[in-house]
Amino acid sequence: MLPNRLIVLETLPTTAHGKIDRARLPTPTDSPGHDHPAEAADPSDRSGRLGDLSGDLEDIVRELFVENLPAVDAVRPGDDFFSLGGDSIKFTRLISTVAKRTGVRLPLRDAFEAATPAGLAALAGGRT
């Protein structure tokens, strides 16, 4: 299910316990001028690729390499995850985290063959 309207909020209303207070969330009719029609997604596009996200995606992947590889302090675009000490389980988790954070779903088999930040960004369709 995809929303047909989006409402932009400065902050989310929270309860005293820090959870989102759903009762205080506005409805599209409560906030005229601040809601936006959601762009319709092309239902035939199942690639999960975001064309202009490559630079951001590469940065996100570099950060995730560092998070998942305790012995690594910095990662260059061409650094291979496995050469830096990563294993297949950690890499699979990394690819899952990329999907959760960015919405970009990378085919796992292809991702294993492109196991660098630059390679994964290119796989996402952001580079030529």
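Residues are listed down the side, and each one gets a yes or a no for (1) assigned to a loop (DSSP other than H, G, I, E, B); (2) touching a residue at least 24 places away in the same chain (Cβ under 8 Å):
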| position | (1), (2) |
| --- | --- |
| Pro77 | yes, yes |
| Phe81 | yes, yes |
| Leu94 | no, yes |
| Lys100 | no, no |
| Arg105 | yes, yes |
| Ala121 | no, yes |
Next item on the list: Out of Thr102, Thr14, Thr116, report the one residue that is loosely packed, with under 12 Cβ neighbours inside 10 Å and either of a type outside the set (A, V, I, L, M, F, W, C) or modelled with pLDDT of 95 or more (or both).
Entry: Thr14
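The values are calculated or read from the model by the stated rules, or taken from the named source; none is laboratory data. Computed from a prediction, not measured in an experiment: that's the story for all the values here. Every residue, glycine among them, receives a Cβ derived from its backbone with ideal geometry; neighbour counts consider all protein chains shown.
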